[in-house]
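> Supplied in structure tokens, the structure appears directly below.
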Amino acid sequence: MSTVILYGTETGTGELVANAISDVLAAEHDPSIYDMTEFAVEDLDTEDFLVVVCSTYGEGELPTGAEPFADELDEVKPDLSGLRFAVFGLGDTVYGETFNRGGEIMAERLTALGARQVGEHGRHDLSGKIKPQVQAKEWAQELTSIIDEG
């Protein structure tokens, strides 16, 4: 099964995390990585497994890098029934209620279109001691068995 990793980022950390996840999934899941600014909604394939990496910007908004894709989801409203996806979000607990909101927004938009979120919603905390790439690799290890469950 092919895996598509989409990342939305403001500062580039999302891309680093997407690459770390890809490294873990490479052996068995043929991952492809795309910046959300360069991925069209029409290219979503329910036969693929989707991994969304999304940071949070400002006061709980999507980062600039995720906005075009999210807007296109809202405009096109594709039927994503059958699409399974997992989310790894980036945020900072210093922002309280809006911590990791970017990943949550993307999950809400995808599920509203029929997609099904699986696995643990990964939530990196910039205020923590673990580097985002390290946490993402650990999270991706757990994801490997879930991808194959179909």
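> Where both residues lie in segment 3-148, what percent of DSSP beta bridges are antiparallel, nearest 5?
About 5 percent, rounded to the nearest 5.
> Right, something else. What is the Cα coordinate range of segment 1-86 on the first, second and third principal axes, sorted by size from largest, in whole angstrom?
Extents along the principal axes, in whole Å: 37, 29, 19.
> Another question about this same structure. Quick check: with the 1.4 Å probe, what order do 34, 57 take by accessible area, largest first?
57, 34
> In sequence order, what are the phi-derived ³J(HN,Hα) couplings for segment 139-146 according to the Karplus relation 6.51 cos²θ - 1.76 cosθ + 1.60 with θ = phi - 60°, rounded to whole Hz, with x for glycine and proline?
Computed from phi, the couplings for segment 139-146 are 4, 5, 4, 5, 6, 4, 6, 5 Hz.
> Then there's this: Let me know the shape class of segment 78-150, please: from the alpha-carbon gyration tensor, a ≥ b ≥ c as square roots of the eigenvalues, rounded when a/c is under 1.5, otherwise prolate if a/b is greater than b/c, or oblate.
The shape class here is oblate.
> Using Cα pairs closer than 8 Å and at least 6 residues apart in sequence, work out the relative contact order for the chain, in percent.
Relative contact order comes out at 26 percent.
> In segment 3-148, what percent of the accessible surface is made up of carbon and sulfur (1.4 Å probe, ligands and nucleic acids excluded)?
45
> Quick check for you: with a 1.4 Å probe and neighbouring chains kept, what is the accessible area per residue of the chain, in Å²?
Value returned for the chain: 49 Å² of accessible area per residue.
> Please report Rg over Rh for the chain, where both radii come from the alpha carbon positions and Rh follows the Kirkwood definition.
Ratio value, two decimals: 0.93.
> Among 114, 128, 91, which one shows the highest mean-square fluctuation when the chain is modelled as a Gaussian network with alpha-carbon springs under 10 Å?
128
> Another question, if that's okay. Tell me the GluC sites (Glu not before Pro) within segment 47-150 that lie in a loop according to DSSP and have at most 11 other beta-carbon atoms within 10 Å.
Of the GluC sites (Glu not before Pro), the ones in loops of segment 47-150 whose Cβ has at most 11 other Cβ atoms within 10 Å are 47, 59, 149.
> Also: Around residue 83, with a cut-off of 10 angstrom between Cβ atoms, what is the net charge of the other residues, counting Lys and Arg +1 and Asp and Glu -1?
-2
> Which FRET efficiency, nearest 0.05, do residue 75 and residue 116 yield, Cβ-Cβ r, R0 22 Å?
Calculated transfer efficiency: 0.50.
> Moving on. Springs between alpha-carbon atoms under 10 Å, Gaussian network over the chain: tell me which of 83, 126, 25 tops the mean-square fluctuations.
Answer for the Gaussian network model of the chain: 126.
> If amide H atoms are built 1.01 Å from N in the plane of the peptide, which residues on other chains or at least 5 residues away come under 5 Å of the amide H of residue 4?
Counting only residues 5 or more places away or on other chains, the set is 32, 49, 50, 51.
The values are calculated or read from the model by the stated rules, or taken from the named source; none is laboratory data. Computed from a predicted model, the values in this text were never measured in an experiment. Neighbour counts are summed over all protein chains in view; Cβ atoms, including those assigned to glycine, are modelled from backbone coordinates with ideal geometry. Just the protein is used for accessible areas: all its heavy atoms, side chains included, with ligands, DNA and RNA removed. Shrake-Rupley method; radii C 1.70, N 1.55, O 1.52, S 1.80 Å.
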